[in-house]
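The values are calculated or read from the model by the stated rules, or taken from the named source; none is laboratory data. What you are looking at is a predicted structure, and each value in this text was computed from that prediction instead of being measured. For neighbour counting, all protein chains shown are included, and Cβ atoms are generated from backbone atoms with ideal geometry for every residue, glycine included.
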């Protein structure tokens, strides 16, 4: 591929200065391996920081580094110590890293954001300097989220891709950040935004919709006449390398020596760098509990814990190391004997070839991060077990968990699951563990890091146009065609809003109860064994349960915050948001309701709603503007979204939407899908419908739906014909 420019914070080569002499050596990281096939091509350039501060280099050093790195098709961007401290340690790792991993973070000084903006501009300027127009540019990771948009602002029409190597958080979490909109717009400068998992992609799209009010359709964000594709590309490993290592004589000898060192014990290996997200403390506590509750294992198991030093100058990491040291000492004091140590703690950066030997000799890998974008260690362990003789214990909060379903899944925030997972792994029958390992290994072999890179680049190069939203009225001819498809379908999904779809609006929402005609229609459709029928409404679960609880249909209350499946009795919530904001919003709504004759306040479990259908237009509009202004700081503080529907103003958590509720049903295959809604809250649902689904908007107004019906009577007429 000619004119490819790769942009990342670090280059695939490292530079260090020892006794005044420069040392330059290739990196063996996953990204460097995955892109190695492209870096060898003529015309490819890789831009990044060489890993050494400006102040430690002379002008002659810089010239030498630049000259040497060109041999690797790499182009260095030199940064000062101040830029590294504020951009990298301050904003990238002090704010974005913990935020994206759902960890607390300290408020950052404005200079950190300014440094982040400055360094992103430096990277963008270097891309502009080194690339030709109409190049392909691939930007990597959270340190450089502004670069794609900066390139667009410079007037470039290049093909730009962006890949995030860490999790993307929920809308509620991300929008707490003051610069959230700037960062989102930065990514949206790209043509393709890639993430490790479907969950991260969904979080990104929902955040874009909630924070920027930008429409999305089938994984495409529509912005300024451009279509930005957002989808998942699970990163793999260089499987061939790990597989080859199992056959290498030296590696096998190392593994045998290690097994002799641990003298026939069941060996549990753990490999990580020192980081707050890795769950190292939780891991040690689980092992401690295992030995305490199952004393027969003392002397029969050993945990080999390899921890690479990382960010050792940051106070939080120093504190983490002290906590680990104390816990290690406690476990030793509690269980160690003259001939046996429960843990072999290796605090150093172990070369990958030696790590492979640890993988090969271990019986169990204990990989339980609190939050991890992917976690390649889990994949490396499985690839190193050529005889399929290892058990993987994996945190369900690691990105790799979506792929490695045969791992023993645990939750690091639920300690007992960790202890149970260890016990299950230790006692797992050989036939079962080999079957599990074999299935995972076959999958990893197919989805290697090389395939990851090829898949991303292939998707990036595909031509795309922004979809044109044309909505056509459902004529009698189209209704006949829809009905014919419905009759032929072996499995059908019907997603229906309630107010404005099955019931006309009333001055008081409490009066809009379903008619006998509606109840009979829903009962008939729900009883059909080919149908999955779901009402997704803003109504409370009390209303929906009282009106429709006896029918064979699924229910989603409060725009998807609460779900009750067909035939079920219990409601399940889809949001984990804190509801401490509700009293503040309720007081505000009550105040303006008193000032607006005819307005009323409805308090739901997950939302507060201001109804003004019965209010005079003058007073309603006047106080609506004041309410919007008053709600903005509350929404920002608590991570809330402000929604305006048909004569209603509603505030609710960012992670509640009809999109999320609909996804519970859309993940299953159906031959026929129809969704009907009437206001802005239904656009989330229309946005994720498959291309051939029938999305139907009731009434006027812009919509992502393909079809339109005039009113409630038209909806009931259509449903009666099915």
Practice prompt. With the checklist (1) without any contact (Cβ under 8 Å) to a residue 40 or more places away in the chain; (2) farther than 27 Å from residue 525 by Cβ; (3) in contact with a helix residue (DSSP H, G or I) (Cβ under 9 Å, 6 or more places away or on another chain) in hand, flag the one item residue 608 doesn't pass.
Written response: (1)
Worksheet item: Just to be sure, is residue 244 farther than 25 Å from residue 402 by Cβ, touching a helix residue (DSSP H, G or I) at 6+ places or on another chain (Cβ under 8 Å) and outside the structural domain of residue 93 (by TED's automatic domain parsing)?
Response: no
Worksheet item: Can you name every residue in region 81-98 that is more than 22 Å from residue 52 (Cα to Cα) and either assigned by TED's automatic domain parsing to the domain that holds residue 372 or surrounded by fewer than 19 Cβ atoms within 10 Å (Cβ to Cβ) (or both)?
Response: 98
Fill in: Test set (1) more than 25 Å from residue 43 (Cα to Cα); (2) under 23 Å from the mean Cα position of the chain (by Cα); (3) modelled with pLDDT of 95 or more - residue 118 fails condition number
(2)
Worksheet entry | Among (1) free of Cβ contacts under 8 Å to residues at least 12 places away in the same chain; (2) in a loop (DSSP other than H, G, I, E, B); (3) closer than 23 Å to residue 652 by Cα - the single one residue 550 does not satisfy | (3)
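Listed residues 181, 132; which is farther than 28 Å from residue 370 by Cα and surrounded by fewer than 22 Cβ atoms within 10 Å (Cβ to Cβ)?
132
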Worksheet entry | Count of residues meeting criterion [in contact with a strand residue (DSSP E or B) (Cβ under 6 Å, 6 or more places away or on another chain), over 24 Å from residue 534 (Cβ atoms) and surrounded by fewer than 22 Cβ atoms within 10 Å (Cβ to Cβ)] in region 633-668 | 2
Worksheet item: Can you find a residue in region 398-406 that is over 19 Å from the mean Cα position of the chain (by Cα) and either assigned by TED's automatic domain parsing to the domain that holds residue 306 or not in a strand (DSSP E or B) (or both)?
Response: yes
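Quick grid of which residues meet (1) outside any loop (DSSP other than H, G, I, E, B); (2) in contact with a helix residue (DSSP H, G or I) (Cβ under 8 Å, 6 or more places away or on another chain); (3) not assigned by TED's automatic domain parsing to the domain that holds residue 476:
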residue	(1), (2), (3)
682	yes, yes, no
690	no, yes, no
695	yes, yes, no
717	yes, no, no
Discussion item. Being modelled with pLDDT of 85 or more, in a helix (DSSP H, G or I), touching a strand residue (DSSP E or B) at 6+ places or on another chain (Cβ under 9 Å) and not assigned by TED's automatic domain parsing to the domain that holds residue 479: is that true of residue 630 here?
Written reply: no
Response to the item:
When residue 113 is run through (1) surrounded by fewer than 20 Cβ atoms within 10 Å (Cβ to Cβ); (2) in contact with a helix residue (DSSP H, G or I) (Cβ under 7 Å, 6 or more places away or on another chain); (3) free of Cβ contacts under 8 Å to residues at least 40 places away in the same chain, the failure sits at (3)
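Any idea which of 438, 464 is modelled with pLDDT of 90 or more, outside the structural domain of residue 554 (by TED's automatic domain parsing), surrounded by 12 or more Cβ atoms within 10 Å (Cβ to Cβ) and out of contact with any helix residue (DSSP H, G or I) (no Cβ under 7 Å at 6 or more places or on another chain)?
Only one candidate passes the filter, namely 438.
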Response to the item:
Here the qualifying pairs (Cβ atoms under 6 Å; residues six or more apart or on different chains; first in region 141-169 and within 25 Å of residue 83 (Cα to Cα); second in a strand (DSSP E or B) and at pLDDT below 95) come out as 143/9
Worksheet item: Within region 484-511, restricting attention to residues that are outside any loop (DSSP other than H, G, I, E, B) and loosely packed, with under 12 Cβ neighbours inside 10 Å, which residue is farthest from the chain's Cα centre (by Cα)?
Response: 511
Worksheet item: Which members of region 129-149 meet the condition of being part of a loop (DSSP other than H, G, I, E, B) and over 14 Å from residue 5 (Cα atoms)?
Response: 141, 145, 146
Worksheet item: Any chance region 417-424 includes a residue that's assigned to a loop (DSSP other than H, G, I, E, B), at pLDDT 95 or above and in contact with a strand residue (DSSP E or B) (Cβ under 6 Å, 6 or more places away or on another chain)?
Response: no
Discussion item. Residue under question is residue 252, and the condition is that it be farther than 17 Å from residue 460 by Cβ and crowded, with 17+ Cβ neighbours inside 10 Å; does it hold?
Written reply: no
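Residue-wise test of (1) over 21 Å from residue 595 (Cβ atoms); (2) modelled with pLDDT of 85 or more.
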| residue | (1), (2) |
| --- | --- |
| 615 | no, no |
| 660 | yes, no |
| 695 | yes, yes |
| 707 | yes, yes |
